[in-house]
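In what follows, a single structure is set out as C-alpha cells and then discussed.
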Amino acid sequence: RFSQNFREVTGRLLVSEASTYLLVFSMEQRLPPNSELMQAELRLFQEPIPEVELHRLSASSAPARVTIEWLQVREDGSNSTSLVDSRLVSIHESGWKTFDVTEAVNFWQQLSRPRQPLLLQVSVQREHLGPLASGAHRLVRFSSQEQGGAAHGEPQLELHTLDLRDYGAQGNCDPEVPMGEATRCCRRELYIDLQGMKWAENWVLEPPGFLAYECVGTCQQLPEPLSFKWPFLGPRQCVASEMTALPMIVSVREGGRLRTRVVSLPNMRVQTCSCTSDGALIPRRMKP
Amino acid sequence: LTGQQVLGSLLRQLHLREAPVIDAADVGQLVTPAHVRAQYVALLRCSHGAHSRGK
C-alpha cells in the first residue's frame, strides 16, 4: 500500500468462521533412535450428527474442509503455522478420519532440544462460500480426550518407522571386504584425478584431484504388508542423500589477459549414502 | 561421478561452451593472488560444514 507504482486493492472479508482444535502430543522418546519416519497418521473420530440436526440437513449438503497445521511456538512467544494436510469430509458420515501429518513430525524433529510437544491445529471450515452456502460444517465434531479413552475415539497419532539397523545404509564401505551382491549400501571412495584429464590441462589449477565418493551396495526391501500399505513407494535404493560442493581455482581469459578465479561446483562430493525409496517424502527444511 | 560431469558443471558455472585451451607457458607465469587463495580455502572449509540434500 506504500508503493506508488501499484494501485491499492482493498479486500473484503467474506467469511471467517472455523471451529478449531489444538492437539498436543508429547513426542519425546516416541520415535525410536536410529529409525526413519515413514509416515505419521493423525486419526480423528468424527462424531455422528444428532438426529434432530440430521433431519434438517439436505442429503446433498456440501462437505466440510478439515485442515491440519503444525503450530510452532517460538522462543520469543510468537508462533507460526505450516499447512500439512487438508481434505474434505462428508458431514453425514461419522467414524475415523485419517490425515497425513508426516511433515509435521519431520518439522518437529528439526526443533532444537528440549523440544516442545507436537502441536497440531485442526480447523473445520465450510468449503463453499456465497449466499447459498450452508453452515452445516459447524456440525462436524471430533471426539476429544475428555470424552474418555481410545474406545470412545480420542485423537490418535500413529507413527510408522523403519529400524535403520536393518533398513539403512552402513556408513563407509570396508575397503578390505570385496564388493558382492549382498554388500549393504555404503559410501565407497572414488578419486577423481583432474591432473590426469586432458580437458583440465593448464586451466584447472586447484585441486589436482578430489575424493568424490560413491554409493554402492543394496538395501533391504520393505516386507510385503508395508509395500502394500505404501504402493506409491518404489524399491529402496542406495543413493547419495547428502552432498557437498567442490571449490576450484581455474585460470580464464578475461579481456585478453589470464586471470585466476574461484568457482564452486555444487553436489560434487557424496557426504552420506542412504537407503531410500523412490517416491518417499523428502523432509522440507524448516524455515528459521 | 565422471570427469565429463565435472567438466560439464564447470562449463555451466563459467558460462563457457567448451574447455579453454591455455598455453602451459602462460600459466607458468600466472600467480594466484592471496585473496583468491583465501576465498578458495574459505569455500573448502565451508563445504566441509554445509551439506546440501540430494535425492
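The values are calculated or read from the model by the stated rules, or taken from the named source; none is laboratory data. Here the structure is a predicted model, which is why all the values come from computation and not from measurement. Here the Cβ positions follow ideal geometry from the backbone for every residue, glycine too, while neighbour counts run over all protein chains shown.
Pairs linking a residue in segment A:266-278 that is under 17 Å from A:ILE192 (Cβ atoms) and free of Cβ contacts under 8 Å to residues at least 60 places away in the same chain to a residue that is of a type outside the set (A, V, I, L, M, F, W, C) and not in a strand (DSSP E or B), with Cβ atoms under 8 Å and 6 or more positions apart or on different chains, are A:PRO266/B:SER9; A:ASN267/B:GLY54; A:MET268/B:SER9; A:ARG269/A:TYR213; A:ARG269/B:SER47; A:GLN271/A:TYR213; A:GLN271/B:HIS51.
For segment A:16-30: of the residues being surrounded by 16 or more Cβ atoms within 10 Å (Cβ to Cβ) and under 19 Å from the mean Cα position of the chain (by Cα), which is modelled with the lowest pLDDT? Out of the qualifying residues, it is A:MET27. Applying the criterion of at least 3 residues that are at pLDDT 85 or above and more than 7 Å from chain A (Cβ to nearest Cβ) to the helices (runs of 4 or more DSSP H) found wholly in chain B leaves B:3-14, B:34-49.
Count of segment A:189-213 residues, restricted to those that are facing another protein chain (nearest Cβ under 7 Å) and part of a strand (DSSP E or B), is 3.
Among residues belonging to segment A:171-188 that are buried (at least 17 other Cβ atoms within 10 Å of the Cβ) and not β-branched (Val, Ile, Thr), point out the one that is farthest from the other protein chains (Cβ to nearest Cβ). Per the stated criteria, the residue is A:ARG184.
Given the condition within 13 Å of chain B (Cβ to nearest Cβ), touching a strand residue (DSSP E or B) at 6+ places or on another chain (Cβ under 8 Å) and in a loop (DSSP other than H, G, I, E, B), answer yes or no: does some residue in segment A:140-157 qualify? No. Residue check: A:VAL204 meets all listed conditions (1) farther than 16 Å from A:ALA169 by Cα; (2) among the aliphatic types (A, V, I, L, M); (3) surrounded by fewer than 18 Cβ atoms within 10 Å (Cβ to Cβ) but one, namely (3).
Taking the criterion of being in contact with a strand residue (DSSP E or B) (Cβ under 7 Å, 6 or more places away or on another chain) and not β-branched (Val, Ile, Thr), the residues of segment A:208-219 that qualify are A:GLY209, A:PHE210, A:LEU211, A:ALA212, A:TYR213, A:GLU214, A:CYS215, A:GLY217, A:CYS219.
Do we find that A:ARG261 is modelled with pLDDT under 90, surrounded by fewer than 19 Cβ atoms within 10 Å (Cβ to Cβ), within 11 Å of chain B (Cβ to nearest Cβ) and more than 14 Å from A:LEU162 (Cβ to Cβ) in this structure? Criteria not met by A:ARG261.
Selection of segment A:222-234 for residues being surrounded by 14 or more Cβ atoms within 10 Å (Cβ to Cβ) and either under 19 Å from A:CYS186 (Cα atoms) or of a type in the set (Lys, Arg) (or both) yields only A:LEU222. Candidates in segment A:236-253 are the residues that are surrounded by fewer than 21 Cβ atoms within 10 Å (Cβ to Cβ) and more than 20 Å from B:LEU7 (Cβ to Cβ); of these, the one that is farthest from the other protein chains (Cβ to nearest Cβ) is A:GLN237.
Hey, any hits in segment A:147-155 for a residue that's among the aliphatic types (A, V, I, L, M) and either at pLDDT below 90 or under 23 Å from the mean Cα position of the chain (by Cα) (or both)?
Residues of segment A:147-155 that are among the aliphatic types (A, V, I, L, M), as a first pass: A:150-151.
Imposing the further condition that a residue be either at pLDDT below 90 or under 23 Å from the mean Cα position of the chain (by Cα) (or both) reduces the set to A:150-151.
Looking for residues that are among the aliphatic types (A, V, I, L, M) and either at pLDDT below 90 or under 23 Å from the mean Cα position of the chain (by Cα) (or both), one finds at least one in segment A:147-155, hence yes.
Answer yes or no as to whether A:THR218 is away from chain B (no Cβ under 14 Å) and either in contact (Cβ under 8 Å) with a residue 60 or more places away in the chain or not basic (Lys, Arg) (or both). It is true that A:THR218 is away from chain B (no Cβ under 14 Å) and either in contact (Cβ under 8 Å) with a residue 60 or more places away in the chain or not basic (Lys, Arg) (or both). Taking each residue of segment A:166-181 that is under 16 Å from A:VAL239 (Cα atoms) and looking for partners that are modelled with pLDDT under 90 and part of a loop (DSSP other than H, G, I, E, B) with beta-carbon atoms closer than 6 Å, six or more apart or interchain, yields nothing.
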